[in-house]
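Asker: Below: one structure in structure tokens.
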Amino acid sequence: MRIGLLTEGGYPYATGEARLWCDRLVRGLPQHEFELYALSRSAGQERSRVPLPEHVTHVRTAPLWAPADDGRTYSRRERRRFADCFKELVHGICAGAPDPFAAGLYGLAGLAREQGGLYAALRSESAVRALEAACRAPGASRTVQAAHVADLLEFVDELECMLRPLSLDWYEEDARGEGLGAVDVCHAAAGGVAALPGLLVKRFFGVPLLVTEYGVQLRAHYLSHLGAGPGEEEPRPAVRALLAAFHLRLASEIYARADFLTPGNAHARRWQERCGATRDRMRTVHPGMEADRFATVGESADRGDPDTLVWVGRVEPAKDLIALLHAFAEVRRAEPRARLRIFATAADPGYLADCRALAAQLFPDEAADSITVGENPVAFEEIGGPEAPSAAEAYGAGRVVVLSSVIEGFPLTLAEAMLCGRATVSTDVGAVREVIGGTGLVVPPRNPRALAEACLSLLGDADRAQRLGAAARARALELFTVEQNVAAFQEIYLRLLAKGSARTDGGGIPFARPPEARVPGHWTSPTWAKPAPDPTSEAAV
């Protein structure tokens, strides 16, 4: 089977979990051919490609960061056609109308497929005027209606980047048989712009489309536009509203047209359902992790230091380490021997400095006597340091692992702690309850007192902590391993191939070209297909 895997800013370039799960999927299904179609976000990203297995037949990359002017200009007839399609598209964005949005999107795609790129047309004055008319039309929100010329120009620039997949040369099957239009299943490893090529090959070639979201792209967009970060310019309200409307309409179209959706957790599933996805085309497929990395710690009789709490993750405001430090202050008042070890996988420098300053204020350095150097009960460390060379050893350093986030999708660090057999205390955000499933304690977010009480209950009861840790490891081994993830996608691929979608080959006849025609190897004259010798002949005697 040929799988066209679509990514954006991830595999086979970027590091992190977004790359890891794609790599594990591809390596776990060596019986299939994979063709990678990647939308890159930076030049530096493209220089750091990971090694690929032999059954990845080719990789196509399209930059979303570089200018894409192909020098194509349209005739008067083509400009009129573009104007009609673009008016429908922006009307659908501004008025929240799904039908005009879809008609405009596929109309522009058809124009780009027949006549070439859209770069000049999308950045033309006529495009800006059409957008302005849509913003002023009845049905648009007040924020959009208040858009100024600078807002319109900025949004048109952003829209041109997001619509670049319409103009790519990925779709038509070439002389070598390569192209998205020739694959058996198109698998988008994320929603949003990454799935846009999948929509087009489904529309024009009938290729079944599978969309996987471990972090909902629409939600990620909303969170990224809540406000400006340190050193960033405050986003314009009208631009923010237009971008949000575009992403909402695109997500709704993806969820409506995809043959199958695989959210990574119930939290992502609820987002998809609210945007129009139907349950008969959905199946939750949890991320797969390499359980062997945590086997040594998970199966060890050593349960870690009985007085130590462990936190692992990226140090950033969404993780709410400030609340954790205040909670630990209450833990220390009840249990003076308690310690907190914070292991950072990455860090926001400003937020890390704030956390260090608060820790120094709340917990002055302590010394056992007048000679010993004082030590703070809160330690800030990094994965890979001398005390914790690996993530597994970081989780194994204490009896209880804490998650204090106010925003989470699928809490990977929590699943890793479960694989290590550790009892956990977590805030009730994202998919935490789904992951824990009764094997840990869950408290409300932004509630240091509740967090402290839950931590104290496990620090003071070793037997309970051990029982919860053992149950957590058993649950993680059942639900969150690479093996279960790969098996689920193998089944879904076969299901989509059997379904056949609306695909036709050879003059409109479904499956006129047999699947084995695309299987590598010599199928026309294999050794086992040669006629058997006549038993009455001399050669057979």
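The values are calculated or read from the model by the stated rules, or taken from the named source; none is laboratory data. Here the structure is a predicted model, which is why all the values come from computation and not from measurement. Neighbour counts run over all protein chains shown; Cβ positions are idealised from the backbone, glycine included. These accessible areas exclude ligands, DNA and RNA; they are computed on the full protein's heavy atoms, side chains included. Shrake-Rupley method; radii C 1.70, N 1.55, O 1.52, S 1.80 Å.
Asker: Does region 155-198 hold any residues that are farther than 17 Å from Val59 by Cα and assigned to a loop (DSSP other than H, G, I, E, B), and which are they?
Answerer: Listed by number, the residues that qualify are Leu163, Ala190, Gly191.
Asker: Ala452 passes all but one of (1) small (Gly, Ala, Ser); (2) in contact (Cβ under 8 Å) with a residue 60 or more places away in the chain; (3) under 18 Å from Ala266 (Cβ atoms); which number fails?
Answerer: Going through (1) small (Gly, Ala, Ser); (2) in contact (Cβ under 8 Å) with a residue 60 or more places away in the chain; (3) under 18 Å from Ala266 (Cβ atoms) one by one, Ala452 breaks only (3).
Asker: Something else about it: Quick test for you: out of Ser370, Ser457, Ser390, pick the one residue that is at pLDDT 95 or above, open to solvent by 10 Å² or more (accessible area, probe 1.4 Å) and over 24 Å from His267 (Cβ atoms).
Answerer: That would be Ser457, the only listed residue that is at pLDDT 95 or above, open to solvent by 10 Å² or more (accessible area, probe 1.4 Å) and over 24 Å from His267 (Cβ atoms).
Asker: Can you tell me which condition Gly71 does not meet? The list is (1) at pLDDT below 95; (2) small (Gly, Ala, Ser); (3) closer than 25 Å to Val144 by Cα, and all the others hold.
Answerer: (3) is the only condition that Gly71 fails.
Each row is one residue, and each column tells you yes or no for (1) out of contact with any strand residue (DSSP E or B) (no Cβ under 8 Å at 6 or more places or on another chain); (2) over 26 Å from Phe410 (Cβ atoms); (3) part of a loop (DSSP other than H, G, I, E, B); (4) open to solvent by 60 Å² or more (accessible area, probe 1.4 Å).
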{"site": "Arg19", "(1), (2), (3), (4)": "yes, no, no, no"}
{"site": "Cys22", "(1), (2), (3), (4)": "no, no, no, no"}
{"site": "Val26", "(1), (2), (3), (4)": "no, no, no, no"}
{"site": "Phe34", "(1), (2), (3), (4)": "no, no, no, no"}
{"site": "Leu39", "(1), (2), (3), (4)": "no, no, no, no"}
{"site": "Gly44", "(1), (2), (3), (4)": "yes, yes, no, no"}
{"site": "Val50", "(1), (2), (3), (4)": "yes, no, yes, no"}
{"site": "Pro53", "(1), (2), (3), (4)": "yes, no, yes, no"}
{"site": "Ala66", "(1), (2), (3), (4)": "yes, yes, yes, no"}
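Asker: For region 1-17, which residues satisfy the criterion of being part of a loop (DSSP other than H, G, I, E, B) and open to solvent by less than 50 Å² (accessible area, probe 1.4 Å)?
Answerer: Met1, Gly9, Gly10, Tyr11, Pro12, Tyr13, Ala14, Gly16
Asker: Examine region 211-231 for a residue that is in a helix (DSSP H, G or I), under 21 Å from Leu105 (Cβ atoms) and modelled with pLDDT of 90 or more, and state whether such a residue exists.
Answerer: The answer is no; no qualifying residue exists.
Asker: Within region 76-99, can one find any residue that is surrounded by fewer than 17 Cβ atoms within 10 Å (Cβ to Cβ), basic (Lys, Arg), in contact (Cβ under 8 Å) with a residue 12 or more places away in the chain and outside any strand (DSSP E or B)?
Answerer: Yes, region 76-99 contains at least one residue that is surrounded by fewer than 17 Cβ atoms within 10 Å (Cβ to Cβ), basic (Lys, Arg), in contact (Cβ under 8 Å) with a residue 12 or more places away in the chain and outside any strand (DSSP E or B).
Asker: Tell me, which residue of region 460-481 that is outside any helix (DSSP H, G or I) and not acidic (Asp, Glu) is most open to solvent (accessible area, probe 1.4 Å)?
Answerer: Gly460
Asker: Return the pairs, sorted by first residue and then second, in which the second residue is open to solvent by 60 Å² or more (accessible area, probe 1.4 Å) and not small (Gly, Ala, Ser), the first residue lies in region 105-134 and is under 28 Å from Glu172 (Cβ atoms) and in contact (Cβ under 8 Å) with a residue 60 or more places away in the chain, the beta carbons are less than 6 Å apart, and the residues are 6+ apart or on different chains.
Answerer: Short answer, once both residue conditions are applied: Tyr106/Arg203.
Asker: If you don't mind, another one. So, Arg341, is that one charged (D, E, K, R), at pLDDT 95 or above and either within 26 Å of Ala474 (Cα to Cα) or not in a helix (DSSP H, G or I) (or both) or not?
Answerer: When the stated conditions are applied, Arg341 passes them.
Asker: As an exercise: evaluate Val425 against (1) hydrophobic (A, V, I, L, M, F, W, C); (2) in contact with a Gly (Cβ under 8 Å, 6 or more places away or on another chain); (3) within 16 Å of Trp311 (Cα to Cα); (4) in a loop (DSSP other than H, G, I, E, B) and give the number of the one condition it does not meet.
Answerer: (4)
Asker: Just name the residue that is surrounded by the fewest Cβ atoms within 10 Å (Cβ to Cβ) out of those in region 261-314 that are in a strand (DSSP E or B) and of a type in the set (D, E, K, R).
Answerer: Here the residue is Arg314.
Asker: In addition: For region 417-431, enumerate the residues that are in contact with a helix residue (DSSP H, G or I) (Cβ under 8 Å, 6 or more places away or on another chain) and modelled with pLDDT of 95 or more.
Answerer: Ala417, Met418, Leu419, Cys420, Gly421, Arg422, Ala423, Thr424, Val425, Ser426, Thr427
Asker: Then there's this: Please determine whether any residue of region 182-202 is of a type in the set (A, V, I, L, M), touching a residue at least 40 places away in the same chain (Cβ under 8 Å) and surrounded by fewer than 19 Cβ atoms within 10 Å (Cβ to Cβ).
Answerer: no
Asker: Follow-up question, since we're still on this one. Among the numbered criteria (1) of a type outside the set (Lys, Arg); (2) under 25 Å from the mean Cα position of the chain (by Cα); (3) open to solvent by 40 Å² or more (accessible area, probe 1.4 Å), which one does Glu375 miss?
Answerer: Result: Glu375 fails condition (2) only.
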